[in-house]
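Asks: Structure provided below as structure tokens; questions to follow.
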Amino acid sequence: MTRLLLIGMPGAGKGTQAERLSQAFGIPAISTGDIFRHNVKNETELGKQAKAFMDRGEYVPDSLTNALVRDRLSHQDAAAGFLLDGYPRTGEQVEELDDILLQQGNKLDAVVQLTADTDEVVRRLLGRAIEQGRADDTEEVIRRRLEVYEEQTAPLTSVYAQRGLVIMVDGLGAVEEVTERIMQALEARGLDRI
Ligand code: AMP
């Protein structure tokens, strides 16, 4: 019954760590970015609406994002816990998640903030753009994504910190080392892997 959030700058390694934590805790990793990309690829109505924002490095509007997450968290596999990767990213999304959890009678266990150096994440994102051909990873769009993160998402850390939920973990280093740091910090809070 573990409910976790993973937040951090684009390129901090959230996706990679989310998969590993999902395995360790036996909970689904739910990435709004992945869900949007899947919809864009399949040219769904949601994908068509999201694409223009994603291509510019802007956030998809809260109305679309919140509806998607509310629906996803109502699926049976999320009943016994989940890890949200890349949500919430705005104040309205924090409120929406609070409301969803209140209705479910559930609470978050921890918010893992992966920290990273801006130069390093730009390098990583440019490398990934070449490997995967992601349209949202051109240098100009990367810069915009980082700006939007600083403006809209970085301030959310203090909201969760006031609730005593934030665990700061250095996202630099080998993938396994970072996972180990996160696992140790979670275990120190009494959250055990399966
Ligand atoms: P990500 O792979 O998590 O960096 O997400 C890729 C893109 O999807 C972002 O740059 C946004 O355009 C969109 N996106 C993902 N999650 C959210 C969210 N919680 N709120 C708004 N837009 C999002």
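The values are calculated or read from the model by the stated rules, or taken from the named source; none is laboratory data. Worth saying up front: this structure is predicted, and the values here are computed from it rather than measured. With ideal geometry, Cβ positions are generated from the backbone for all residues, glycine too; neighbour counts draw on all protein chains shown. Protein only, heavy atoms only, side chains kept; ligands, DNA and RNA dropped before computing areas. Shrake-Rupley method; radii C 1.70, N 1.55, O 1.52, S 1.80 Å.
Asks: Regarding Leu21, is this residue crowded, with 19+ Cβ neighbours inside 10 Å, more than 10 Å from the ligand (Cβ to nearest atom) and part of a helix (DSSP H, G or I)?
Replies: yes
Asks: Which members of the stretch 24-61 meet the condition of being on the phi > 0 side of the Ramachandran plot and open to solvent by less than 10 Å² (accessible area, probe 1.4 Å)?
Replies: Selection gives Gly57 alone.
Asks: Sticking with this one: For the stretch 23-40, which positions are more than 24 Å from Gly164 (Cβ to Cβ) and not aliphatic (A, V, I, L, M)?
Replies: Gln23, Gly26, Pro28, Ser31, Thr32, Gly33, Asp34, Phe36, Arg37, His38, Asn39
Conditions (1) buried (at least 19 other Cβ atoms within 10 Å of the Cβ); (2) aromatic (Phe, Trp, Tyr); (3) under 26 Å from Phe25 (Cα atoms), marked per residue:
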site	(1), (2), (3)
Asn106	no, no, yes
Val121	yes, no, no
Arg128	no, no, no
Arg189	no, no, yes
